[in-house]
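Colleague: There's a structure below that I have some questions on.
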Amino acid sequence: MSSEFLYGIEVIINGLMAGVLYALVALGFVLIYKASGIFNYSQGVMALFAALTLVGIMEGQVPFSHLINAIFGTELHHFGWEVPAFLAIALTVVVMVIFAWLVQRFVFRHLVGQEPIILFMATIGLAYFLEGVGDLMWGSEIKTIALGLPQGNARWLEDVTSALGDDTFYGFFVRQLDIVAALVAMVLVTALIVFAQYTKQGRAMRAVADDHQAALSVGISLNFIWVLVWSLAGVVALVAGVMWGAKSGVQFSLSLIALKALPVLMLGGFTSIPGAIIGGLIIGVGEQLFEYTIGGPFLGGATENWFAYMLALLFLVFRPQGLFGEKIIERV
Amino acid sequence: MKDSVESYVTDDGRTIGGVMLDLRNITLRFGGVEAIKDISFNIREGEIRAIIGPNGAGKSSMLNIISGFYKPQEGEVLFDGVARPPMPPYQVARQGIARTFQNIALFEGMSVLDNVMTGRMNHMNASIFSQAMWFGKAQREEVENREAVERIIDFLEIQKIRKTPVSRLPYGLKKRVELARALAAEPRLLLLDEPMAGMNVEEKEDMSRFILDLNDEFGTTIALIEHDMGVVMDLSDRVVVMDYGRKIGDGTPDEVRGNQGVIDAYLGVSHD
């Protein structure tokens with residue numbers, strides 16, 4: 001096999017890995033949108049907040065330490081202990097569940113039956129609020145996640161695959177972190193699907209996504225389900241935040257990954273979990289391949305920044321409901 | 001005899017017990033409009049109770065009050081002799097009151113089987129972890145619930161469409177699936193909002209048979225709204241007649257048939 005061809009495959013593999021992360025962010029949007037019709041603008045900030053919380057708990061940071069110090073003139077910064085990773089993850093999940101409950105109790109319970117645009121505006125407010133709370137709680141400096149996730153490229157993969165080509169081919173270059181992220185995402189998605197298909201709460205979740213009135217009539221509490229989906233979206237945000245945070249550090253720009261999920265949603269449809277996953281993969285592979293075949297050689301490179309949005313635009317024109325979304329039918 | 005709360009046996013051998021649901025002086029307003037004006041009636045254990053009346057009489061609103069979708073401004077609802085505090089519909093459902101809707105409210109994206117399974121929601125208590133891991137209590141529960149659901153599917157003769165997505169079913173079958181889902185909850189009181197609307201004669205006969213059978217075999221108490229007078233008179237033990245939000249008649253089908261107010265309401269006498 002020619003090394004050109006093999007390099008193309010490597011581009012696709014790396015595209016898939018990136019796509020998994022896009023899919024993960026998009027998944028958070030889909031969960032909430034399906035169950036409550038809310039387009040949650042704050043999903044990206046939730047990822048940032050979850051990652052900040054995880055790092056803060058692991059390092060034994062005192063939450064709101066700047067605030068406390070400013071008011072009481074104390075010099076608190078750290079508790080002086082370090083929390084093991086698995087415990088810190090569990091505690092972060094608890095924090096995200098509490099967050100979900102607060103959001104439901106104090107924001108969306110009062111907005112039931114409002115126009116979608118009003119719900120959307122509320123989530124914009126929520127995004128800024130959460131961003132501020134994150135800063136206040138854990139500080140605004142860039143943090144690194146010390147979860148012990150492997151960095152660097154996967155040597156073993158290079159060694160195994162280098163035999164495929166001639167002497168000028170050194171094997172596929174794939175980052176280990178990307179492989180881990182892809183595996184974690186796969187486990188998470190499988191767990192979500194099993195949960196939705198085979199548990200009582202999952203069935204209730206699907207029921208609420210389908211018809212609120214009917215769900216109420218069989219004894220499902222809408223509030224409980226909404227807290228549940230926000231919690232699940234929080235867990236998805238945590239995983240996305242950790243994986244992106246491990247790549248580029250936990251900092252404000254992490255919240256912008258939400259923007260990357262938008263084209264994924266336009267491709268996959270706002271209401272489809274498989275759509276979010278396949279949409280993410282298509283965008284991931286598409287932008288890498290485009291850069292490799294057309295963008296780099298003819299357009300001066302850096303096309304990854306806008307390719308996804310172009311693709312989304314095309315979809316909006318020709319198939320506005322996305323690949324898997326519910327068909328838009330207007331009755332006259 | 002039928003006005004007392006003593007239980008009695010009907011001509012066809014069913015036992016009608018004491019009062020299960022008692023509605024006292026219910027008034028419901030939407031803004032300035034009084035949809036229901038000071039209505040009282042009761043539903044007794046084991047009976048088929050019909051609510052009839054012209055369009056806009058407030059029949060559906062009455063059913064919505066019983067199932068918790070509407071909250072009356074005045075009056076109280078007694079269930080098993082205990083005054084029921086205002087509660088959301090899902091809590092009413094958990095008390096054993098199931099219902100169907102006038103404009104069918106099914107989970108269109110799910111299969112018939114899944115739809116009926118949602119009716120079992122309140123018969124599942126296993127923890128979320130044992131459900132996900134599929135062991136112990138969860139496994140036993142799932143098997144039991146599946147058996148219960150299959151019995152209902154057999155009973156309503158919808159075996160052939162078990163796996164079909166509901167969105168692909170014709171109207172008459174959707175109505176039947178909705179009934180199956182309500183039945184799956186094993187309710188003590190079943191509320192049916194126009195179960196036969198839009199059906200042809202054959203479908204109506206089937207539905208009447210199901211209603212009679214489930215009342216007879218399972219002893220389910222049924223309150224139903226229906227426009228087809230022939231059906232109502234054949235099915236029900238007692239009938240409430242409403243017009244313009246008021247109760248204008250209450251009694252056995254024969255009593256109601258002879259009631260002058262009812263005849264006026266149906267034949268159209270000017271209100272002055």
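Here, each number is a calculation from the coordinates, and none is a lab measurement. Keep in mind that what you see is a predicted model, and the values were worked out from it rather than measured. Because the Cβ atoms are built from the backbone with ideal geometry, glycine has one as well, and the counts that use them run over all protein chains shown.
Colleague: Given R₀ = 51 Å, what would the calculated FRET efficiency be for B:Lys160 paired with A:Val94, taking r from the Cβ atoms and rounding to 0.05?
Modeller: It comes out at approximately 0.60.
Colleague: Amide H of B:Arg246 versus every other amide H placed in the peptide plane: which residues, excluding those fewer than 5 positions away on the same chain, fall under 5 Å?
Modeller: Amide H neighbours of B:Arg246, under 5 Å, 5+ apart: B:Lys37.
Colleague: Once every DSSP H run of n ≥ 4 in chain A is given -39500 (n - 2.57) and the sum is divided by its residues, what mean residue ellipticity at 222 nm do you get, rounded to the nearest 500 deg cm²/dmol?
Modeller: -22500 deg cm²/dmol
Colleague: Now a separate question. Write down the percent of antiparallel bridges among all DSSP beta bridges whose residues are both part of the protein assembly as shown, to the nearest 5.
Modeller: Once the DSSP bridges in the protein assembly as shown are tallied, antiparallel ones form about 60 percent.
Colleague: Okay, next question. Working from Cα positions, state the angle (0 to 90°, nearest 10) between the long axis of helix B:201-218 and the longest principal axis of chain B.
Modeller: With rounding to tens, the tilt is 80 degrees.
Colleague: Moving on. Note the full-extension length gain between A:Ile294 and A:Arg175 as 0.36 nm times their separation in residues minus their Cα-Cα distance, in nm to one decimal.
Modeller: Here the segment from A:Ile294 to A:Arg175 would lengthen by 40.5 nm.
Colleague: In nm, to one decimal, how far is the modelled label at A:Leu136 from the one at B:Asp213, with both set 7 Å along Cα→Cβ?
Modeller: Taking the simple label geometry, A:Leu136 and B:Asp213 are separated by 6.3 nm.
Colleague: Something else: Along region A:108-121, what does the Karplus equation 6.51 cos²θ - 1.76 cosθ + 1.60 (θ = phi - 60°) give for ³J(HN,Hα), rounded to whole Hz, x for Gly and Pro?
Modeller: Couplings: 7, 4, 8, 10, 4, x, 7, 4, x, 5, 5, 4, 5, 4 Hz.
Colleague: Taking each residue of A:199-209 in turn, how many C-beta atoms of other protein chains fall within 10 Å of its C-beta, and what is the average?
Modeller: Mean number of neighbouring Cβ atoms from other chains: 6.
Colleague: Given axes a ≥ b ≥ c from the Cα gyration tensor, I'd like to know whether region A:218-316 is rounded (a/c under 1.5), prolate (a/b larger than b/c) or oblate.
Modeller: Taking the square roots of the gyration eigenvalues as a ≥ b ≥ c, region A:218-316 is oblate.
Colleague: Rounded if a/c is under 1.5, else prolate if a/b is larger than b/c, else oblate: which is chain A, with a ≥ b ≥ c the root eigenvalues of its Cα gyration tensor?
Modeller: Oblate, since a/c reaches 1.5 and b/c is not below a/b.
Colleague: Continuing with this model, one more query. If you take every DSSP beta bridge whose two residues both sit in chain B, what share of them, in percent to the nearest 5, is antiparallel?
Modeller: 60
Colleague: How much mean residue ellipticity at 222 nm does chain B get from its helices, if each DSSP H run of length 4 or more adds -39500 (n - 2.57) and you divide by all residues, to the nearest 500 deg cm²/dmol?
Modeller: -10500 deg cm²/dmol
Colleague: In addition: Cα-Cα over 31 Å: which of A:Lys34/B:Lys59; A:Lys34/B:Lys37; A:Lys34/B:Lys175?
Modeller: Over 31 Å apart, Cα to Cα: A:Lys34/B:Lys59; A:Lys34/B:Lys37.
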